[in-house]
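Peer 1: Please read through the structure below; I'll follow up with questions.
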Amino acid sequence: MIDVQNLTKRFGDTTAVENLSFEVGPGRVTGFLGPNGAGKTTTMRIVLGLDSPSSGAATVAGSAYRDLHDPMRTVGALLAAGHVHPGRSARDHLRMLAAVGGVGDSRVDAVLSTVGLADAASQRTGAFSLGMLQRLGIAAALLGDPPILILDEPVNGLDTDGIRWVRSLLRTFADEGRTVLLSSHVMSEMELIADHLVVIGAGRLLADEPLRDFIDRHSGHSVRVASAADVALGARLRERGAHVDVDGGGLLVRGLDARTIGGISVSAEIPLTELIPIRKTLEDVYTGLVEEHGRHRAKTEVY
């Protein structure tokens with residue numbers, strides 16, 4: 001588990017994270033969302049012991065990262081895939097990390113195979129594409145076979161097959177009862193993989209709830225309806241408090257769900273030819289929430 005409690009981080013006069021609290025539990029993928037400058041990377045760096053908080057605390061598996069007895073076997077992380085020596089091969093890069101973490105060389109070849117880099121293991125990383133560097137970064141995170149993963153934008157630079165592979169990897173990881181904290185700006189992918197969301201803006205918590213609940217809570221009811229008598233049906237729906245607009249060859253109804261609209265049409269003996277609930281996407285809901293609360297407070301976008 002990852003536990004962030006009352007976390008605040010200031011850089012001079014700039015507050016990057018302010019009194020932030022949330023937990024990331026096992027058995028699920030937790031999406032960590034927020035615009036550039038919202039404080040996501042700062043929070044993850046504090047969790048991983050790379051920055052010190054101004055106040056509050058962040059723990060991994062019950063301890064501060066610096067106090068972990070075997071950090072590589074406790075948490076794996078990817079924050080910046082490009083931080084590798086261009087003259088080293090992929091295998092040598094991982095062997096160096098494995099030696100520091102007390103992990104055997106056999107694990108190096110295993111994770112290279114897992115991330116699809118077995119055939120490129122002897123190539124120098126300076127010739128790697130961004131997608132290959134991302135795979136290498138994920139391989140490094142997996143070296144210790146940890147129960148916790150923290151990944152910042154892991155699908156950057158990946159092609160469609162690579163994105164699908166990351167999605168499958170994280171799903172399997174969570175289904176095994178492990179913990180995943182995933183930051184990404186690719187909302188379509190986040191909607192497919194995340195079970196739970198933590199959303200921040202201007203360094204403050206905006207949401208901490210299951211993804212489906214987050215979308216439903218902010219979506220409201222919007223239904224497209226068409227019938228044999230749209231004018232009469234529209235009047236009946238307005239009587240029940242709905243907001244009704246003419247929408248092409250039908251009606252756009254807000255304020256009543258599809259089940260209620262269907263019941264009203266039956267009572268009015270008006271046959272329906274179309275009844276389609278309109279569900280907002282994660283991108284729709286997230287964008288609206290962030291705009292409502294302000295994108296970020298920071299003067300720059302380095303946090």
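The values are calculated or read from the model by the stated rules, or taken from the named source; none is laboratory data. Just so you know, these numbers come straight off a predicted model, no measurement behind them. As a convention, Cβ positions derive from the backbone with ideal geometry for all residues, glycine included, and neighbour counts pool all protein chains shown.
Peer 1: Residue pairs, Cβ under 7 Å, 6 or more apart or interchain, first in the range 129-157 and under 21 Å from VAL24 (Cα atoms) and modelled with pLDDT of 95 or more, second buried (at least 18 other Cβ atoms within 10 Å of the Cβ) and among the aromatic types (Phe, Trp, Tyr). List them.
Peer 2: Cβ pairs passing all conditions: LEU149/PHE173.
Peer 1: Can LEU206 be described as part of a strand (DSSP E or B) and modelled with pLDDT under 95? First the steps, then the outcome.
Peer 2: Numbers: part of a strand (DSSP E or B): yes; modelled with pLDDT under 95: yes.
Criteria met by LEU206.
To keep it simple, each residue is scored yes or no on (1) at pLDDT 95 or above; (2) under 30 Å from GLU283 (Cα atoms).
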position	(1), (2)
ASP3	yes, yes
LYS9	yes, yes
ASN19	yes, yes
ASN36	no, yes
ARG45	yes, yes
GLY56	yes, no
ALA81	no, yes
HIS85	no, no
GLY104	no, no
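Peer 1: Of all residues in the range 183-203, count the ones that are surrounded by fewer than 21 Cβ atoms within 10 Å (Cβ to Cβ), of a type in the set (A, V, I, L, M, F, W, C) and outside any helix (DSSP H, G or I).
Peer 2: 1
Peer 1: From the list LEU170, LEU158, pick out the single residue that is under 19 Å from the mean Cα position of the chain (by Cα), part of a loop (DSSP other than H, G, I, E, B) and under 24 Å from ARG45 (Cβ atoms).
Peer 2: LEU158
Peer 1: Tally the residues that are of a type in the set (Val, Ile, Thr), in a helix (DSSP H, G or I) and either under 31 Å from the mean Cα position of the chain (by Cα) or closer than 30 Å to PRO35 by Cβ (or both), restricting the search to the range 243-297. Spell out how you get there, then give the answer.
Peer 2: Within the range 243-297, the subset of a type in the set (Val, Ile, Thr) is 244, 246, 253, 260-261, 264, 266, 270, 273, 276, 278, 281, 285, 287, 290.
Add one more test, that the residue is in a helix (DSSP H, G or I), and what stays is 260-261, 264, 266, 285, 287, 290.
This time we only want the ones that are either under 31 Å from the mean Cα position of the chain (by Cα) or closer than 30 Å to PRO35 by Cβ (or both), so: 285, 287, 290.
Within the range 243-297, residues that are of a type in the set (Val, Ile, Thr), in a helix (DSSP H, G or I) and either under 31 Å from the mean Cα position of the chain (by Cα) or closer than 30 Å to PRO35 by Cβ (or both) number 3.
Peer 1: Select from the range 122-155 the residues that are assigned to a loop (DSSP other than H, G, I, E, B), surrounded by 16 or more Cβ atoms within 10 Å (Cβ to Cβ) and more than 16 Å from the chain's Cα centre (by Cα) and list them in ascending order.
Peer 2: Step one: of the range 122-155, the residues assigned to a loop (DSSP other than H, G, I, E, B) are 122-123, 128-129, 143-147, 153-155.
Checking the rest, the ones that are also surrounded by 16 or more Cβ atoms within 10 Å (Cβ to Cβ) come to 128, 143-144, 146-147, 153-155.
Within the range 122-155, PHE128, LEU143, GLY144, PRO146, PRO147 qualify.
Peer 1: If you don't mind, another one. So, of the residues in the range 10-22 that are surrounded by 14 or more Cβ atoms within 10 Å (Cβ to Cβ) and among the charged types (D, E, K, R), which turns out to be farthest from ASP208 (Cα to Cα)?
Peer 2: Among those residues, the one meeting the criterion is ARG10.
Peer 1: Report the residue count in the range 25-46 for those that are touching a His at 6+ places or on another chain (Cβ under 6 Å) and either closer than 17 Å to ALA58 by Cα or surrounded by fewer than 22 Cβ atoms within 10 Å (Cβ to Cβ) (or both). Step through it out loud before you land on a result.
Peer 2: Pass one, the range 25-46, residues touching a His at 6+ places or on another chain (Cβ under 6 Å): 28, 30, 35, 37-38.
Add one more test, that the residue is either closer than 17 Å to ALA58 by Cα or surrounded by fewer than 22 Cβ atoms within 10 Å (Cβ to Cβ) (or both), and what stays is 28, 30, 35.
Looking only at that region, the number is 3.
Peer 1: Moving on to the next point. Out of curiosity, is VAL108 in the same structural domain as LEU182 (by TED's automatic domain parsing) and buried (at least 16 other Cβ atoms within 10 Å of the Cβ)? Spell out how you get there, then give the answer.
Peer 2: Details: in the same structural domain as LEU182 (by TED's automatic domain parsing): yes; buried (at least 16 other Cβ atoms within 10 Å of the Cβ): yes.
Yes.
Peer 1: Okay, next question. Taking into account only those residues within the range 143-199 that are charged (D, E, K, R) and in contact with a strand residue (DSSP E or B) (Cβ under 8 Å, 6 or more places away or on another chain), which is farthest from LEU94 (Cα to Cα)? Quick ask: steps written out before the conclusion?
Peer 2: Narrowing the range 143-199 to residues charged (D, E, K, R): 145, 152-153, 159, 161, 164, 167, 171, 175-176, 178, 189, 191, 195.
Then keep just the ones that are in contact with a strand residue (DSSP E or B) (Cβ under 8 Å, 6 or more places away or on another chain); that gives 152-153, 171, 178, 195.
On the way: ASP152: 19, GLU153: 20, ARG171: 24, ARG178: 22, ASP195: 31 Å.
Within the range 143-199, the match that is farthest from LEU94 (Cα to Cα) is ASP195.
Peer 1: Quick one: which residue in SER227, SER183, SER265 is assigned by TED's automatic domain parsing to the domain that holds ASP145, in contact with a Ser or Thr (Cβ under 8 Å, 6 or more places away or on another chain) and at negative phi?
Peer 2: Details: SER227 fails: assigned by TED's automatic domain parsing to the domain that holds ASP145; SER265 fails: assigned by TED's automatic domain parsing to the domain that holds ASP145.
The conditions single out SER183.
Peer 1: Still on this structure: On the given criteria, is ASN19 touching a residue at least 60 places away in the same chain (Cβ under 8 Å) and either on the phi < 0 side of the Ramachandran plot or assigned by TED's automatic domain parsing to the domain that holds ARG124 (or both)?
Peer 2: Details: touching a residue at least 60 places away in the same chain (Cβ under 8 Å): yes; either on the phi < 0 side of the Ramachandran plot or assigned by TED's automatic domain parsing to the domain that holds ARG124 (or both): yes.
Spelling it out, ASN19 is indeed touching a residue at least 60 places away in the same chain (Cβ under 8 Å) and either on the phi < 0 side of the Ramachandran plot or assigned by TED's automatic domain parsing to the domain that holds ARG124 (or both).
Peer 1: Still on this structure, please answer the following. Sort out for me the strands (runs of 3 or more DSSP E) sitting completely within the range 5-85 that have 2 or more residues that are over 20 Å from the mean Cα position of the chain (by Cα).
Peer 2: On the way: elements: 14-24, 28-33, 55-60, 75-78.
Here the list reads 14-24, 55-60.
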